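Heads up, the thing below is written out as structure tokens.
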Amino acid sequence: MASAVLVLNCGSSSVKFALYDPESRDRLLNGLAERVGTPGAAITIKFPNAPLTISDLDQTDHHGVLARILDELEDWRAEHDLTITAVGHRLVHGGEEFASSVLLDDEAMAAVERCSPLAPLHNPANIAGVEAARAALPDIPQVGVFDTAFHQTMPPVAYRYAVPTEWYADLGVRRYGFHGTSHRYVSSAAAELLGRPLSELRMVTAHLGNGSSLAAIRDGVSVDTSMGLTPLEGLVMGTRSGDLDPGILGYIADRTGATLAEITNDLNKRSGLLGLSGLSNDMRELIAAVETGNEQAALALDVFCTRLAKYIAALAVPLGGIDTLVFTGGIGENSQPVRARVLEQLAFLGFELDHDANERTVRGLSGPITTADSRAIALVVPTDEELVIARDAHRLASTTTSLLES
Ligand code: ADP
């Protein structure tokens with residue numbers, strides 16, 4: 001019987017799942033449960049030949065949804081002679097507790113709980129997912145893969161904020177960084193593509209999706225990043241502001257009477273490209289609007305690209321220069337105008353755009369988008385966070401199994 005790894009990404013009202021073949025690394029199927037915990041809960045399973053939607057759930061919480069997904073997969077797994085040998089969970093915040101992926105035993109779960117105040121919207125939903133998976137598959141190893149773990153190699157000079165020390169010591173206020181699974185994957189894939197060891201590369205990876213962040217990578221480890229205690233810091237994003245003067249919070253509260261929670265919500269949900277353009281958080285729509293002369297959209301695109309270029313250049317400091325820049329995420333992989341503008345603004349760092357290569361490189365393609373003579377190389381590498389989770393889960397599960405057998 002062949003083995004399959006189940007990858008789970010549980011949010012408060014959604015469960016994304018996928019099954020991977022750990023040997024071939026192929027994704028066998030995937031799906032999504034939405035409106036989890038409400039009477040409208042529904043599951044879609046994208047079976048290769050006949051996608052299935054289920055909306056008659058008896059129990060709509062994470063436990064009920066996951067049990068039903070596994071139930072529905074039963075026949076298909078039997079038909080393909082597959083057995084689930086590991087479950088990999090995407091976990092958002094590992095605080096200072098986790099610097100790599102781990103087997104989720106009781107001790108590890110207690111540490112994930114301790115990190116919940118750092119991500120009160122995400123960690124409790126992630127924990128509910130792990131508990132549901134442990135209940136449904138009690139004998140199968142569960143592995144946690146954290147968004148923050150890859151950045152635990154940052155030195156204090158990168159992660160400390162200039163705030164009262166007790167905020168750090170007592171409350172954990174520091175930069176943690178996110179998208180670590182993506183930064184880890186694309187940095188090693190880029191080195192492989194270039195045929196050079198990571199130890200030779202001073203690399204910036206730019207994960208540009210609805211949320212966006214940068215990582216500065218030296219010797220294959222993260223030495224700085226643009227996101228902070230939360231994913232609100234740094235670049236301009238779809239609906240998040242990124243960096244701003246913290247004095248703005250008090251000013252808006254005084255002028256409007258808004259609470260801190262309301263202002264934080266506006267900075268997360270009504271700012272970024274959406275706030276600036278008044279039109280959309282979607283880069284495709286904005287670029288289409290710019291082409292029809294929409295000035296607000298043009299401003300949003302300018303602020304997005306200029307903030308990005310400034311931040312990439314800033315990461316030359318911890319790296320002592322930049323020789324490799326990697327674009328990934330929905331925007332990084334697909335948006336030629338964003339990549340072109342950023343590289344044009346970074347020409348002083350030695351990036352020379354290859355217009356044709358840039359135009360060609362979309363939809364899952366990887367490769368350089370700078371000229372052969374360019375002093376610094378920019379390249380596109382499609383990210384695959386689910387695959388990393390599947391690989392880590394398989395590796396850690398195999399280690400425990402062989403330990404138990406020896
Ligand atoms: P998430 O962070 O939710 O995983 P994605 O990585 O899918 O998001 O990125 C979403 C962003 O990618 C959106 O702004 C979307 O407009 C952008 N995007 C996707 N395809 C294209 C494209 N062909 N051209 C420009 N932007 C694109």
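Throughout, read-outs are computed from the coordinates displayed, never taken from laboratory work. It should be emphasised that the depicted structure is a prediction, and the values quoted were computed from it without experimental measurement. Cβ placement follows ideal geometry from the backbone for every residue including glycine, while neighbour counts extend to all protein chains displayed.
Determine the sum of side-chain charges near GLY250: Lys and Arg each +1, Asp and Glu each -1, restricted to other residues whose C-beta is under 15 angstrom from that of GLY250. Summing Lys/Arg as +1 and Asp/Glu as -1 gives -3. Here the relative contact order of region 91-176, from alpha carbon pairs under 8 Å that lie six or more residues apart, stands at 38 percent. What is the distance, in nm, between label points placed 7 Å from the Cα along the Cα-to-Cβ direction at THR83 and at HIS63? Spacing of the two 7 Å Cα→Cβ label points: 2.7 nm.
Working from Cα pairs under 8 Å separated by at least six residues, relative contact order for the chain is 14 percent. Compared with the alpha-carbon gap, the fully stretched path from LYS310 to LEU244 is longer by 22.3 nm at 0.36 nm per residue. Dipole size of the chain about its Cα centre, with +1 on Lys/Arg Cβ and -1 on Asp/Glu Cβ: approximately 900 debye, rounded to the nearest 20. Dipole magnitude for region 1-158: computed about the Cα centre from +1 point charges on Lys and Arg Cβ and -1 point charges on Asp and Glu Cβ, it is near 520 debye.
Partner lysines whose Cα lies under 27 Å from the Cα of LYS310, excluding those fewer than 8 positions away in the same chain, are identified as LYS269. With a Förster radius of 41 Å applied to the beta-carbon distance between ASP356 and ASP219, the computed FRET efficiency rounds to 0.80.
Most simply put, the chain has about 60% antiparallel DSSP beta bridges, counting only bridges with both residues inside it. Spin-label pair LEU32-LYS46: with each label point 7 Å from Cα along the Cα-Cβ axis, the two points sit 0.9 nm from one another. Here is how the number arises for the chain: DSSP H runs of 4 or more residues each give -39500 (n - 2.57), the sum is divided by the residue count, and the result at 222 nm is -12500 deg cm²/dmol. Short-range pairs are left out: with C-alpha atoms under 8 Å and at least six residues apart, the relative contact order of region 236-321 is 29 percent. Rank VAL87, VAL102, VAL380 by mean-square fluctuation in a GNM of the chain with C-alpha springs under 10 angstrom and give only the top-ranked residue. In this elastic network of the chain, the residue with the biggest mean-square fluctuation among VAL87, VAL102, VAL380 is VAL102. Return the whole-Å distance between the Cα centroid of region 29-66 and the Cα centroid of region 186-221. With region 29-66 and region 186-221 each reduced to a Cα centre, they are spaced 36 Å. Between the alpha-carbon centres of region 225-274 and region 130-149 there is a gap of 33 Å.
Exposure proxy check: TRP76, TRP167 ranked by fewest other beta carbons within 10 Å?
The order, fewest Cβ neighbours first, is TRP167, TRP76.
Using a simple spin-label model with pseudo-atoms 7 Å out from Cα toward Cβ, ARG160 and LEU103 lie 3.7 nm apart.
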